[in-house]
C-alpha cells in the first residue's frame, strides 16, 4: 500500500514541482521517490498484502517484479545525466512520465483483476509513447508513432480477450474456472496482447525500431522496467489458466521462435542499440522458458533482475556514445582507452548477458534452465542452450568491436553528474550478485507461488 | 588455507590490473606466494589434510561452495602454481594487463581443480574463459579475432551442452544436490545417461582436446602473444582429461563402458594424427600445439583404458606436460625475442653462439619426447602400460605417436640449433637463467622421483578403475 502511494505521490510531485523549479529538481524528486518506494518495499518484504477488496494484491511475486522495475527506473535516471546535458534538455515532464510508467508497471504486477491490469498497462504505455518521442527528431517521432500504433492494437487485442473472458467465466478475476472454445480464445487473446509488450517473437516487430529510435535512457527503461511489468502480467495470466494442451505447444513455439529469431537476427545487425534490441527479444524467450517449471516466479524474477542490471548497464554505456544517430559497431573502438569505467562496464555487461560466470547473467540463465528442467522440458532446454551459443557470438562481436579493434577516435569521454555513479553501481552489482548468487536469489525465494 | 590459495592470485591479479606500473612485481609476488602455498598445501595433503570446506552458495538450487584437495587435484595444483610462476618469471616484457589476466586465470584453474560441486566446477571452468579470451583478444596477433571466435564458439558449445548435462544428471538421477558425493551415489543410467555423458564428453573433448574438436587449438596458440605467457596459461587451461577423470567417468560409468572402444580409437588417432601434423609444421608454436595435442591423445588413451595404471598415467602426463609444454612455449617466447619470428626455417645453428640456450631447449624437448629420467617418461609409460590391457592394437598406434614425437621435436631442435649456417644470437639472459633453472629442476624432479606424485594419485586412480570394472 505504502509503495503504491509513494509511487503515485512521486509522479504527482514530479509533475507539479516542474512548474516552479528546473527539471533537475524534478529529477531529484523522482529519484528520491523511487528510493523511498524501494525502502517501503524492503520493509514489508515477503509479507503479502492486499487492499481494495482484493483488487490490489502486493504478494511476494508482485514485490519481486516491482523491485526489478524500480531498479530499471533508477538506472535510467542515474545514467542519463550526460546524455541530456549535451542536448540541453529534457523538459521536466520527462521525469514525471518515468514515474508514472513505474507506477503503471507496479499496478500491472500487483493485481489478478483483468480490469486493473488494463489500467496499469495503459498507465505504463501512454507515458512511454510520449517518452519515445521526447528527443523531438524524425527518428524519435517515428519510434513513438510505431510504438503507439502497434501498442494500441495490442491493447485492443487484450481488451477483446477480457470481453471474451467475461463471456466465458462471468467475471474479471483471473483464476475463474472456464472451458470451451470461447474461453480458449479469450486466453490466447490475453496472452497475445501481453506477448506484444514482452516482445516475444512473432509479436516483437516494433522492438528494434522503437529501441533504436527512442532516446537511449528511454530505451534502457523500456528494456528493463517495461519488460518486467509485462512479464508479471503474462506470468500471472498463465499461472491462472495453467499450461496445458494447445497452450503448452503455443508457448513452446513462442519460446523457441523467440530465442532463435532474436539471437540470429541480432547477429547480423551493424548498430549496437539495434543489436541489443534483438538481444532483449531473445532474453524474453529465456524468461518465458521458466514458465515451464513448477514454480517459475523466483527464477523469472531473478532472471529479470539479472537481465535488467546487465542490459541496463550495456545501454547506459552506449548512451554516453550515442549522438542520436545510433552507435555503429566501428564507433565503439578504443572504448577502454577513452574511458576505463565505460570499458569495464561494457565488458562486464556483455559477459553477463552472454551468461558467463561468475556474473549475474549466468545465474539467471542457470536458474531458468533449472526451472524448465524441473518441469521435465529437457529438449527445450537443450535447444535454448544452443541458441545461447549464437548469442555468445554476437556479444563477443560487440565486445571485440570495443576492445580488440583499432581505435578511430582518441579523445577521452568525460562523465559527469550521476552517470559514473550509476554505471559503477550497476557494474558492482552485476559482479557481486554473480559471485554471491544466494544474495539476489534469496530475495525471490521469499516469494510464495503466484496468488491465483 | 585452501581459500587463500585459490583466491590469492585473484586479488593480486585485480591489483595488477588496477596498478599497471606495479604489475610485474605484483605478478611475481602473487604467483610466488601461490607457489609457496601450493607446496605447503601439497605437503599438508600428503600428511592427510585435504582442506575440505563446504558452505551453501545457492541453497535453494542445491549449489555449494565445496572445495577440497584430493590426490589428483593436489598434483595438478602443483603443476598450475609452478607453471604460472615460471611463466610470469619468464614473460618480463608483456603488457601489464596480461600479468593481471594470467593471475585471474590461475585463480580460476585452482578453483577448477579444487571444486567438489559440479556447478561450482562449471562456474570456475567458464569463468577462466573470460581472462583467457581477453588475453587473446587484447594482445594476440593479426588473426586474433578469428582465432578468438573459433576458440570461444568451440568452448561454449561444449560447455553449454555440459550445462544441460549437469541439470539432467541431478534431476533425472535424483541426487539431492550437485555435490560430487551426492551425484556419484545417484548415478544416471540408461539412455538418459548416454546423452548426458555425451554432453560432458563433448565439453571435455574440446578442452582436452581430442580429434575432431581440436581445431581451435593451433590458431589459439599461433595467434596468442609471442611471449608465451598466454600459451602457458592456455596449456594449463586444457583440463579436459581432469574433467573426465573427476566428473564424467565417475558419474557415468555405464555410458562410458558403452563408448569405450570408440573413445580408445579416437584417442589413439588423435595421438598419431597430431604427431604426423606436427612433423609438417614450420611455425614453432603450431608445432608445439600439435605436439601437446598428440600427448593429450596418449593421455586420453591411458585414461580411457579404465585401468589404474592408465588413469594414473593420464593425470601424471597432464601435470608433467603442463610444465614442459608451458616451458616450451616460454622458450618459443625467448626465440621470438631474439629473431622476431617463430618460423623455424630462418633460425639455425644457434648452438655455437648460444650454448646455454641450446642446452635449455634440449632439456625441454627431451622431456617432451619422453626420455627416461625426465618428467615426460613416467606418464607416457604408465599410459601405454594401462592402455595395453584394454586394447593392444590402439596402444600400438599410440606407441607410434610416441616415437613420432622424437622425429618432430628433435627435428625442430636440430633445425634451430645445429644446421648451418650459424646465425649468432645472445645467450640466456638473467630472466632466462632463472626460469630455465627452475623449469629444469621441476622436470628432472618429476622424472627421477615420480613416486611422490604417483603415491598421491594412486588411491584416486584405483577408485576410478574399480568403478569402471578394471577396464576389462
Notebook entry, point to check: Normalised by the number of residues in segment A:2-444, what is the relative contact order in percent for Cα pairs under 8 Å and 6+ residues apart?
Noted result: 17
Note to self: As a footprinting exposure proxy, order A:80, B:343 by other Cβ within 10 Å, with the fewest listed first.
What the structure shows: B:343, A:80
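Taking only the alpha-carbon atoms of segment A:333-391, what semi-axes of the equivalent ellipsoid follow from 5 times the gyration tensor eigenvalues under a square root, in whole Å, largest first?
31, 11, 5
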Checklist line | Separation in nanometres of the label points that stand 7 Å from Cα toward Cβ, at residue A:51 and residue B:466 | finding: 6.6
Margin query: Output the 0 to 90 degree angle, nearest 10, between the alpha-carbon long axis of helix A:93-109 and the longest principal axis computed from the alpha carbons of chain A.
Written below: 30
Check: Calculated FRET efficiency, residue B:353 and residue A:414, Cβ-Cβ r, R0 41 Å, to nearest 0.05?
Finding: 0.15
Margin query: Nearest 10 degrees is fine. How inclined is helix B:96-114 to the longest principal axis of chain B, computing both from alpha carbons?
Written below: 30
Checklist line | Helix-only [θ]222 nm of chain B, DSSP H runs n ≥ 4, -39500 (n - 2.57) each, per residue, nearest 500 | finding: -25000 deg cm²/dmol
Item checked: Cα Rg, Dmax, segment B:200-268, angstrom units -> 13.9, 44
Item checked: Estimated FRET transfer efficiency when R0 is 41 angstrom, pair residue B:396-residue B:192 (beta carbons, to 0.05) -> 0.70
Next item on the list: Grab the alpha carbons of segment B:339-402, take their convex hull, and tell me the volume per residue in Å³.
Entry: 113
Item checked: Spacing of the two label points (7 Å from each Cα toward its C-beta) at residue A:156 and residue B:11, in nm -> 6.5
Margin query: Neighbour counts of other C-beta atoms within 10 Å: give me B:427, A:323 arranged from fewest to most.
Written below: A:323, B:427
Item checked: Exposure proxy order (Cβ contacts within 10 Å, fewest to most) of A:70, A:126, A:423, B:130 -> A:126, B:130, A:70, A:423
Check: So how far, in whole Å, is the C-alpha centre of segment B:84-136 from the one of segment A:147-172?
Finding: 54
Item checked: Rounded to 10°, Cα long-axis angle of helix B:376-390 versus longest principal axis of chain B -> 40
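Per residue, how big is the convex hull around the C-alpha atoms of the protein assembly as shown? Give it to me in cubic angstrom, could you?
145
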Note to self: Quick check: pseudo-label points 7 Å beyond the Cα along Cα→Cβ at residue B:46 and residue B:441, how many nm apart are they?
What the structure shows: 1.5
Item checked: Value at 222 nm in deg cm²/dmol, rounded to 500, when DSSP H runs of n ≥ 4 in chain A each add -39,500 (n - 2.57) -> -24500 deg cm²/dmol
Next item on the list: Write down the Kirkwood hydrodynamic radius of segment A:2-444, to one decimal in angstroms, obtained as one divided by the mean of 1/r over all alpha carbon pairs.
Entry: 21.5
Note to self: Given an 8 Å cut-off on Cα distances and at least 6 residues of separation, report the relative contact order of chain B as a percent.
What the structure shows: 16
Check: Viscosity 0.890 mPa s, temperature 25 °C: Stokes-Einstein D of segment B:102-261 from its Kirkwood Cα radius, in µm² per second?
Finding: 153
Margin query: What would the Debye equation give as log₁₀ I(q)/I(0) for chain B at q = 0.09, 0.10 Å⁻¹, counting only Cα atoms as equal point scatterers?
Written below: -0.53, -0.66
Item checked: Gain on full stretching of the segment that runs from residue A:323 to residue A:386 - 0.36 nm per residue minus C-alpha separation -> 19.1 nm
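Rounded to the nearest 0.05, what FRET efficiency do residue B:259 and residue B:403 have when you use their Cβ-Cβ distance and R0 = 35 Å?
Step by step, r from the Cβ atoms, then E = 0.80.
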Checklist line | Label point 7 Å beyond Cα of residue B:36 along Cβ direction - residues of segment B:76-109 with amide nitrogen under 18 Å | finding: B:78, B:81-86, B:88-89
Check: For segment A:108-197, what is the convex hull volume of its Cα atoms per residue in Å³?
Finding: 73
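Every number here is computed from the coordinates shown, using simple stated rules; none is lab data. Only a predicted model underlies this, so the values are computations on that prediction, with no experimental measurement involved. So basically every Cβ, Gly included, is an ideal-geometry build from the backbone, and we count neighbours across all protein chains shown.
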